[in-house]
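Peer 1: Here you go, one structure.
The values are calculated or read from the model by the stated rules, or taken from the named source; none is laboratory data. On a predicted model such as this, the values are computed, not experimentally measured, just so you know. When we count neighbours, we look across all protein chains shown, and the Cβ atoms used for this are built from the backbone with ideal geometry, even at glycine. Heads up: the accessible areas ignore ligands, DNA and RNA and are worked out on the full protein's heavy atoms, side chains in. Shrake-Rupley method; radii C 1.70, N 1.55, O 1.52, S 1.80 Å.
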Amino acid sequence: MHSTQSDGTVAPAEVARAVAEAGLVGFALTDHDTTAGLDEAQDAARTHGLRFLPGAELSANEPGRSVHLLAFGFDRTDAELQDFLSRYRKDRIRRARSIVERLQSLDVAVTYEDVERQAGAAAPTRAHLGRAVVACGEVPDINEAFRLYLSNGRPAHVTKQRTPPRVVFEKVHRAGGIVCLAHPGTTHGEDDVRRWAGEGLDGVEVVHPANPPAVQSRMNALAAELGLLRCGGSDWHGPDAGRRGQPGWAHVPERWLDAIGRRSSCGVT
């Protein structure tokens, strides 16, 4: 789940409240490239009697594609990990400024200040850029902003700094956490999972809005074959996100949460 510390639309404490109101057992907060909301989310989870797993969705890449990785159960005070995340934040700002320049060259009337208004205290993401383009009246919705300008291969797309997946594995493992491949049903196949498992990948996200039943079945089987952990969720960004605006619709077995907790140094509370 995501909060206003990245591209979600409600604060970390409100994420916990939404989880409690949905009658769920617990949740993981996995904001993009930051741990800034974890303390608030954990305190709120405790108040609501929820189980909580600290997390972050970290950005890696390989030539021509992004690789999103879910880190869980790490020590959020680890200095090396926090330095790594600080570099991510600086690169997000660099990338957002470059995207704004490209948008302006395409006669899209958006400024970096428009993006900052959308991002608030968070490092800017493409979602914030898309919302800024919508707010300026250039497109009717964020999907159109991505289709016309922001998606990979579109004229305003800018790549992130080079970060191979194995670097993320190493950083998170040193901080006592584990790493799962996010939404493997979109751009990553079984060969990718096998290769990354050899480099340190700990698990795969079986349940995700982008994973149809056939993909879930394949990833379940692959996890069993390779001894990988399983995770999943709704990829919740807030109450106004269509089906993903309903916490808990993606049913994830609690035993998956327990298994991650056993394998990580700062697991489920």
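Peer 1: Of the residues in segment 105-132, how many are within 25 Å of HIS68 (Cα to Cα) and touching a Leu at 6+ places or on another chain (Cβ under 7 Å)?
Peer 2: 4
Peer 1: Would you say PRO213 is in contact with a helix residue (DSSP H, G or I) (Cβ under 7 Å, 6 or more places away or on another chain) and modelled with pLDDT under 95? Break it down stepwise before answering.
Peer 2: Working: in contact with a helix residue (DSSP H, G or I) (Cβ under 7 Å, 6 or more places away or on another chain): no; modelled with pLDDT under 95: yes.
When the stated conditions are applied, PRO213 does not pass them.
Peer 1: What are the residue pairs meeting all of these: first residue in segment 222-237, first residue within 17 Å of GLY189 (Cα to Cα), second residue of a type in the set (Asp, Glu) and surrounded by fewer than 21 Cβ atoms within 10 Å (Cβ to Cβ), Cβ atoms under 9 Å, and 6 or more apart or on different chains?
Peer 2: LEU222/GLU190
Peer 1: Sticking with this one: Does VAL204 count as touching a residue at least 40 places away in the same chain (Cβ under 8 Å) and either of a type outside the set (Ser, Thr, Tyr) or open to solvent by less than 20 Å² (accessible area, probe 1.4 Å) (or both)?
Peer 2: no
Peer 1: Okay, next question. Take segment 172-184 and flag every residue that is open to solvent by 10 Å² or more (accessible area, probe 1.4 Å) and either within 15 Å of the chain's Cα centre (by Cα) or among the hydroxyl-bearing types (Ser, Thr, Tyr) (or both).
Peer 2: Within segment 172-184, HIS183 is the sole residue that qualifies.
Peer 1: Does ASP7 fit the bill of being among the acidic types (Asp, Glu), touching a residue at least 12 places away in the same chain (Cβ under 8 Å) and closer than 22 Å to GLU254 by Cα? Show your work before the answer.
Peer 2: Values: among the acidic types (Asp, Glu): yes; touching a residue at least 12 places away in the same chain (Cβ under 8 Å): yes; closer than 22 Å to GLU254 by Cα: no.
No: the conditions fail for ASP7.
Conditions (1) open to solvent by less than 10 Å² (accessible area, probe 1.4 Å); (2) of a type in the set (A, V, I, L, M); (3) in contact with a helix residue (DSSP H, G or I) (Cβ under 7 Å, 6 or more places away or on another chain), marked per residue:
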| position | (1), (2), (3) |
| --- | --- |
| ASP7 | no, no, yes |
| VAL15 | yes, yes, yes |
| ALA36 | no, yes, no |
| GLN42 | no, no, no |
| GLY49 | no, no, no |
| PRO54 | yes, no, yes |
| ALA71 | yes, yes, yes |
| GLU80 | no, no, yes |
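Peer 1: Among (1) over 25 Å from ASP7 (Cβ atoms); (2) assigned to a loop (DSSP other than H, G, I, E, B); (3) in contact with a Lys or Arg (Cβ under 8 Å, 6 or more places away or on another chain), where does VAL268 come up short?
Peer 2: All conditions pass for VAL268, except number (1).
Peer 1: How many residues are modelled with pLDDT of 90 or more and open to solvent by 10 Å² or more (accessible area, probe 1.4 Å) when one looks only at segment 185-200?
Peer 2: 9
Peer 1: Looking at VAL10, VAL15 in this structure, which one is closer than 22 Å to HIS183 by Cβ, aliphatic (A, V, I, L, M) and part of a helix (DSSP H, G or I)?
Peer 2: Answer to the selection: VAL15.
Peer 1: Quick one: in segment 18-34, which of the residues that are among the small types (Gly, Ala, Ser), out of contact with any His (no Cβ under 6 Å at 6 or more places or on another chain) and open to solvent by less than 60 Å² (accessible area, probe 1.4 Å) is farthest from GLY177 (Cα to Cα)?
Peer 2: Restricting to residues being among the small types (Gly, Ala, Ser), out of contact with any His (no Cβ under 6 Å at 6 or more places or on another chain) and open to solvent by less than 60 Å² (accessible area, probe 1.4 Å), the top hit is ALA22.
Peer 1: Please specify each residue of segment 123-159 satisfying the condition of being crowded, with 22+ Cβ neighbours inside 10 Å, of a type in the set (A, V, I, L, M, F, W, C) and in a loop (DSSP other than H, G, I, E, B).
Peer 2: ALA123, ALA156
Peer 1: With the structure loaded, tell me whether GLY261 is farther than 30 Å from LEU106 by Cα, assigned to a helix (DSSP H, G or I) and open to solvent by less than 50 Å² (accessible area, probe 1.4 Å) or whether it fails that test.
Peer 2: Considered against the rule, which asks whether it is farther than 30 Å from LEU106 by Cα, assigned to a helix (DSSP H, G or I) and open to solvent by less than 50 Å² (accessible area, probe 1.4 Å), GLY261 comes out as yes.
Peer 1: Right, here's the next one. Looking at VAL215, is it within 26 Å of TRP249 (Cα to Cα) and touching a residue at least 40 places away in the same chain (Cβ under 8 Å)?
Peer 2: Here the answer is no, as VAL215 does not meet what is asked.
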